[in-house]
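Visitor: Got a structure here, written out as structure tokens. Questions coming.
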Amino acid sequence: MKYFVYLFFICACITLNVLSEEDVLSDKIQQLTQWSLKKPIIRLNNEHFKHYVKASSRNYSMFIMFTALSPQRQCSICKQAYDEFQIVAQSYRYSNAFSNSVFFGMVDFDDGSDAFQYLKLNTAPVFIYFPPKMKPKKSDYMDLSRSGFSAEQIIKWIHDRADVEIQIYRPPNYSGFLLVILMITMILGLLYVKRDSFKFLFNHIVWGIFIILAILFCISGQIWNSIRGPPFTHRNPQTGQSGIVCYFISGQTWNLINGPPFMPQNKNNMGLFADDSNMQYIAETYIVQILFFLHFGVSIGVILLNEAPKLKSQTGKRNSFVAAVGIVVVVILFSYLLSIFRSKYQGYPYSFLIK
Amino acid sequence: MAAQVTTNQSIINDDSGSLTTDSEFQTNVNSKKRLSSSSNILPTSSILSPTGLTSLISFIVLTCAYISGFMSRLFSVIRFESIIHEFDPWFNYRSTAYMTENGFYNFLNWFDELAWYPLGRIVGGTIYPGLMVTSGVIHWFLHMINIPIHIREICVFLAPFFSGLTALATYLLTKELWSRRAGLFAAAFIAIAPGYSSRSVAGSYDNEGIAIFALMFTYFLWIRSVKTGSVFWSCCTALSYFYMVSAWGGYVFIINLIPVHVFILLVLRRYSLRLYVSYSIFYILGLILSMQIPFVGFQPVRTSEHMLAAGVFALLQAYAFIDYLYTKLPRADDLKQLFFGLMIFIGLSVFAVVVILTYAGYIAPWSGRFYSLWDTNYAKIHIPIIASVSEHQPTTWTSFFFDLHLLICLFPVGAWFCIKELNDERVFIVLYAVFASYFAGVMIRLMLTLTPCVCVLAAIALSKTLDYYADTETSDMSTSPVVPSNDNDENENETEKNNRNLYDKAGKPKPIPGRRGPTNTNQDTDDDTSIVSSNIKTVVVICIAMMLMLLAVHCTWVTSNAYSSPSIVLASYNNDGSRYIIDDFREAYYWLRKNTPERARVMSWWDYGYQIAGMGNRTVLVDNNTWNNSHIALVGKAMSSNESEAYKIMTMLDVDYVLVIFGGMIGYSGDDINKFLWMVRIAEGEHPKDIREQDYFTENGEFRVDRSGSPILLNCLMYKLCYYRFGELQTDFRSPPGFDRTRHVEIGNKNFDLQHVEEAYTTEHWIVRIYKVKKLANRLQAKNALRQVQRRKSIYSTSKKTSGQARKQGVILNKPQVKKGTKVLTRKT
């Protein structure tokens, strides 16, 4: 019903067709309101951009996202940013703050390359605030590299710029929920099938390995990696963040992983690595894995030591051999661990076997 | 067994003891040495009974662990003097001194006027009084037996004293979990582990110092009560828990870990009446006792952090009831599935009730600090003041290794052994290990709760390994008669189950305590022959001993170099190795104490609040008890805005003096400029219109104080107070005047004058700079008054509030001005 009223209104406006400036303005606002009622984010092409945004006679403000969504542009971040922006616009659309003075728009590079040229943009995505009657200043560009583009950050930025309070409403992500449900049903089904023998659940070895891996994960600094990862990797809290995902780690993390920041010579090394992001990624993974396995190796060595006397053999040579392997593994890996630690912690005086 | 293990250690330690020169390590080795020398007597003298001998050895080892734990924490006292360290201890010391002077009840009602001007702080209801009461009791006792000692000495030496007690508690816990030998190892480890000594060196008079003892002792009593099922032990657990609640906010860890233990035991179908008795009594008594602490109050029944314990309590009652029905009903076996379903239903309904109560508002949801443990990004976004504290950062691998060294590698092995030979109490230590390692990974501060667990499990791993490998004389039948009696005696207090196992093994040459299950019998037959050749055994023992020595050396080095700095007295070393003491902090605080009016109000960043109040005895605006974020943000705003803006805030807050910490002169990195971004961030959180973090960065997003730094940074109050007249000073012949040695740049804004403040005092090395805030100048009086009238008008005209609001104008004259400023600004931009 509402739409009809609006349509009627707009038709009336068009038929009146008075060309005074105020009427042009109200005309624009009408048009924009109508669009944004239909779709929270207004898609703008070149002409629209020129007409509604670039034109200086404007008493409304616009938040515009410049992006490149078409698949051949291969901008995976753009899609994520678009989703977040859509959440914001959606929340704004259905909030009390909705008015005809603030609009959300989007310019795709393939539709509106002129707009990109006009603003001299060569990256995407970019969020720009167009205040009423003015061109955007430097501070009206959202700083994506620092704050990331999560909906919360965008809302904070909007509140900062236009003084519009938006209560965020995220549509619940059912995919994760469904996955959990599926998992649970699968596990329950498995249990039901195996209901005669619950023994495998009480198997200490399985649980033991699981717990040991969890502990090792915690103490080998993997949590640090997953927390300090840049916002791009695990910005969506609903999908759940695992440490393995977070191997994409910023240069700073790498720097800290590799050595404390007060080491100048290490920073020079960093310069070499930072140029090539792929290199860093591989090296990062490599280092983290090594640490993980060093811990693991030392643990395995000690366990070997303890398993050695229990092995069944006639002569006992095998037991001695296993024990010897165990102690060699423990000693070598531990001294290697110590030497890594030494290289990170400058001025540490002690070492064991390996310098 | 103990004798055999230690016999081998004696050989190794005799060989290697001479290698080390470190005094601390010597005591540690000595402990083992002495233990072994006495054990050597074992085969020769038949006069000493083995029982007495084991006790004697344990006693000597524990004494040595106690002494070495105490001694290794005294580095700072020896190097500097007997002085309270850092920030928080100063407040604890101040309140302890207040309590000894004015008595306990006055202390509970104490309203501290020196803090949080103009709000003040109710101290009695906002702290955990356990620490103060403990040292107060010791003080009272010593005075009663006519030892007139100053309360400060007690405060300084309390943490080392309690770390010795922690070693004993850890020994008891490990003994309950595994064996006496593992207990001795664990006591030795915890005594010197840097992860624990970081918080308990002499002078760091903080809650954690006594809390870890209370934690370990509570765990020991809990394990004991689960094992015995006696009312006595569970009452003791509740009392010890009460002490923990009175001492540290980390008691939440206990009240969640013990219910998790009970719950997992239920899930593993290890329910027993012992468990029922011990948990029911512990929970009810612990609940009532914990609510006696004023700061805790009704939290145990009103907040989500405590709901796990309540839910498990309800579940346990239901389980016990169903279990009872199960025994009473005829043909109960047919109803097995019904009971199972009923159990699950009750569990889910308890959970649902808690959730509903939370939504209905009867139970407070998780507080921010706890929530940030689960959702690790929460604090970064919502509570910058929590994220700003360096000890709330996640832990790197390096600091794990730094704090625990060899133990961190043995830790998973111990957990593995515990899982393999599971029983009721080992479930507990495994759960402790999992949770504590997660928390320690999330927050570097919680390394402290992980350390005891690591020590226990590493000791178990090591002791189990050495049980076999140090025992080269298995084939030697001369010792075998001793062993069974020895073991029986040792396990005297352990449960029936263990004893039964030992009886099975009695007479066998190599019984392994703690191992049970059917696999045992096969191995026992194998054990008759020495399987691993004795050469390899010796090599293994030597290698382990060398690694242990390395551990002791490492721990001593870390404690002495990293954790023994009081941080209010700094030391630097000249090229010739001579030491140079930098005592600027105390100099400045003493100046404040002697040269400022008694009611003077000092503005500084919150880090220095406790120290100014404790040493300078002056009123501060904000301090380390960060209970009022907006007040801190106001100070942050004053520091990060330009001088005239800041002057408005300072006059509003009645500030007389401003104190800043500046390290650029001697290269002290912990100064206010390095902390400055956090001030900006916290101020931005409350005043997003006036302060913007971006403005303080250069175009490239860097934080610089040199010429290319952002102009807003170069003109803010903090910059000006730090670098006032610094441009005239040439610190080094090679560097230009005004060269900042902390950030290694020449500062960008050199010649400026201060309008509204004047320099009052700067310490010898410029670390502390104190400025006096000028009073309003006389000449401007008329102009100002006129302006004020105008402002009032504008308030009336712009504000939408009714006249009812205007009546209050006289009461808080200054507040509307600030608000008005923000509003007008927004409309213009």
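The values are calculated or read from the model by the stated rules, or taken from the named source; none is laboratory data. Everything numeric in this text was worked out from a predicted model, so none of it was measured. Using ideal geometry, Cβ is built from the backbone for each residue, glycine included, and neighbour counts are taken over all protein chains shown. These area figures cover heavy atoms from the full protein model, side chains too; ligands, DNA and RNA do not enter into them. Shrake-Rupley method; radii C 1.70, N 1.55, O 1.52, S 1.80 Å.
Visitor: May I ask for the equivalent-ellipsoid semi-axes of region A:23-162, computed as the square root of five times each C-alpha gyration tensor eigenvalue and listed largest first in whole Å? Before the final figure, lay out the partial values.
Guide: Numbers: eigenvalues 89, 62, 44 Å².
Semi-axes from the Cα gyration tensor: 21, 18, 15 Å.
Visitor: Would you mind calculating the gained length between B:LEU56 and B:PHE298 on full extension (0.36 nm times residue separation, minus the Cα-Cα distance), in nm to one decimal?
Guide: Working: separation 242, 0.36 × 242 = 87.12 nm, distance 4.70 nm.
Extra length from B:LEU56 to B:PHE298 when fully extended: 82.4 nm.
Visitor: Which FRET efficiency value, to the nearest 0.05, do you get for B:ALA777 and A:LYS38 by plugging their Cβ-Cβ distance into 1/(1 + (r/R0)^6) with R0 = 60 Å?
Guide: Numbers: r = 62 Å, r/R0 = 1.03.
My answer for the efficiency is 0.45.
Visitor: Among B:ALA461, B:PHE439, B:ILE429, which residue has its Cα furthest toward the positive end of the charge dipole of region B:403-468, with +1 on Lys/Arg Cβ and -1 on Asp/Glu Cβ?
Guide: Value computed over the given set: B:PHE439.
Visitor: Check which residues have an amide H placed less than 5 Å from B:VAL757's amide H, if you skip close sequence neighbours.
Guide: B:LYS774
Visitor: Follow-up question, since we're still on this one. So what does A:LYS133 come to for accessible area, using a 1.4 Å probe and Å² rounded to 10?
Guide: Near enough 140 Å² of accessible area.
Visitor: I would also like to ask the following. Pairs to check: A:LYS135/B:LYS675; A:LYS135/B:LYS689; B:LYS637/B:LYS720; A:LYS79/A:LYS133. Give those whose C-alpha atoms are more than 26 Å from each other in this structure.
Guide: Numbers: A:LYS135/B:LYS675 36 Å; A:LYS135/B:LYS689 20 Å; B:LYS637/B:LYS720 14 Å; A:LYS79/A:LYS133 30 Å.
A:LYS135/B:LYS675; A:LYS79/A:LYS133, as the Cα separations exceed 26 Å there.
Visitor: Given R₀ = 35 Å, FRET efficiency for B:LEU335-A:LEU182 by Cβ-Cβ distance, to 0.05?
Guide: Working: r = 32 Å, r/R0 = 0.92.
About 0.60, to the nearest 0.05.
Visitor: At a 1.4 Å probe, which residues in region B:409-426 are at least 50 Å² less accessible with all protein chains present than in their chain isolated?
Guide: B:CYS409, B:PRO412, B:VAL413, B:TRP416, B:ILE419, B:LYS420
Visitor: Mind checking B:533-541 for the average number of partner chain beta-carbons within 10 Å of each residue's beta-carbon? If you can, show how the numbers build up before the last one.
Guide: Details: counts 7, 1, 2, 10, 4, 0, 5, 8, 1.
Taking the mean over all residues of the peptide, I get 4.
Visitor: Still on this model: For A:ILE211, what charge total do you get from the other residues with a beta carbon under 13 Å from its beta carbon, if Lys and Arg give +1 and Asp and Glu give -1? It would help to have the intermediate numbers written out before the result.
Guide: Values: positive: B:LYS420, B:ARG426; negative: none.
That sum, taken over residues with Cβ under 13 Å, equals +2.
Visitor: Hey, what do the phi angles of region B:680-694 turn into as Karplus ³J(HN,Hα) couplings, whole Hz, using 6.51/-1.76/1.60 and θ = phi - 60°, x for Gly and Pro?
Guide: Once rounded to whole Hz, the list reads 4, 4, 5, 5, 5, x, 9, 10, x, 7, 9, 10, 10, 4, 4.
Visitor: A further question follows. Points 7 angstrom from Cα along the Cβ direction at B:ASN102 and B:ASN715: gap in nanometres?
Guide: In this crude spin-label approximation the distance works out to 4.6 nm.
Visitor: Still on this model: Can you work out the FRET efficiency for the pair B:ARG593 and A:HIS159, with r the C-beta to C-beta distance and R0 = 45 Å, to the nearest 0.05? The partial results should precede the final answer.
Guide: On the way: r = 45 Å, r/R0 = 1.01.
For R0 = 45 Å, the calculated efficiency reads 0.50.
Visitor: Any chance you could check the Cα centroid distance between region B:729-760 and region B:89-120 for me, in angstrom?
Guide: Region B:729-760 and region B:89-120 have Cα centres spaced 39 Å from each other.
Visitor: So what are the ³J(HN,Hα) numbers for region B:232-238, from phi and the Karplus equation (6.51, -1.76, 1.60; θ = phi - 60°), rounded to whole Hz, Gly and Pro as x?
Guide: Coupling constants for region B:232-238: 4, 5, 6, 4, 4, 4, 5 Hz.
Visitor: Going 7 Å from the Cα of B:ASP753 in the Cα-to-Cβ direction, what parts of region B:690-728 have a backbone nitrogen less than 14 Å from that spot?
Guide: Answer for this model: B:725.
Visitor: Rounded to two decimals, what ratio of Rg to Rh does region B:208-366 give with C-alpha atoms and a Kirkwood Rh? Walk me through the numbers before you get to the answer.
Guide: Values: Rg = 16.6 Å, Rh = 16.5 Å.
Ratio of gyration radius to Kirkwood radius: 1.01.
Visitor: With charges only on Cβ, +1 for K and R and -1 for D and E, what is the dipole size of region B:208-366 about its Cα centre, in debye, rounded to 20?
Guide: Numbers: 9 positive and 5 negative charges, 75 e Å.
It works out to roughly 360 debye.
Visitor: Total accessible area buried between chains A and B, 1.4 Å probe, in Å² to the nearest 100?
Guide: Working: alone 22690 and 38100 Å², together 54980 Å².
The A and B chains share an interface burying roughly 5800 Å².
Visitor: Moving to a separate point now. Taking the Cα centre as origin and putting +1 on Lys and Arg beta-carbons and -1 on Asp and Glu beta-carbons, what dipole magnitude results for region A:23-162, to the nearest 20 debye? Numbers along the way, then the final one.
Guide: Numbers: 18 positive and 13 negative charges, 58 e Å.
I would put it at about 280 debye.
Visitor: What's the magnitude of the charge dipole for region B:524-679 around its Cα centre, counting Lys and Arg as +1 and Asp and Glu as -1 at the beta-carbon? Answer in Debye, nearest 20. Don't jump to the answer; show the numbers that get you there.
Guide: Working: 11 positive and 17 negative charges, 151 e Å.
Computed about the Cα centre, the dipole is about 720 debye.
Visitor: Which value, in Å² and to the nearest 10, is the accessible area of B:LEU431 when all protein chains are kept and the probe is 1.4 Å?
Guide: Number for this one is 30 Å².
Visitor: Here's a follow-up. Summing Lys, Arg as +1 and Asp, Glu as -1, what charge do residues with Cβ under 13 Å from the Cβ of B:ILE138 carry, B:ILE138 excluded?
Guide: Details: positive: B:ARG152; negative: B:GLU153.
Computed value for this residue: 0.
Visitor: Sticking with this structure for a sec: Please name whichever of A:ALA124, A:SER95, A:VAL53 sits farthest to the positive end of the charge dipole of region A:23-162, dipole taken about the Cα centre and charges placed at Cβ: Lys and Arg +1, Asp and Glu -1.
Guide: Farthest along the dipole direction, towards plus: A:VAL53.
Visitor: Once phi is turned into ³J(HN,Hα) by the Karplus curve 6.51 cos²θ - 1.76 cosθ + 1.60 with θ = phi - 60°, what whole-Hz value does each residue of region B:94-103 show in order, with x for glycine and proline?
Guide: 3J(HN,Hα) across region B:94-103, in whole Hz: 4, 6, 5, 4, 4, 5, 5, 7, 10, x.
Visitor: Students sometimes get this wrong: rank B:GLU421, B:GLU113 by accessible area, probe 1.4 Å, all chains present, largest first.
Guide: Numbers: B:GLU421 25, B:GLU113 115 Å².
So the residues, ranked largest to smallest area, are B:GLU113, B:GLU421.
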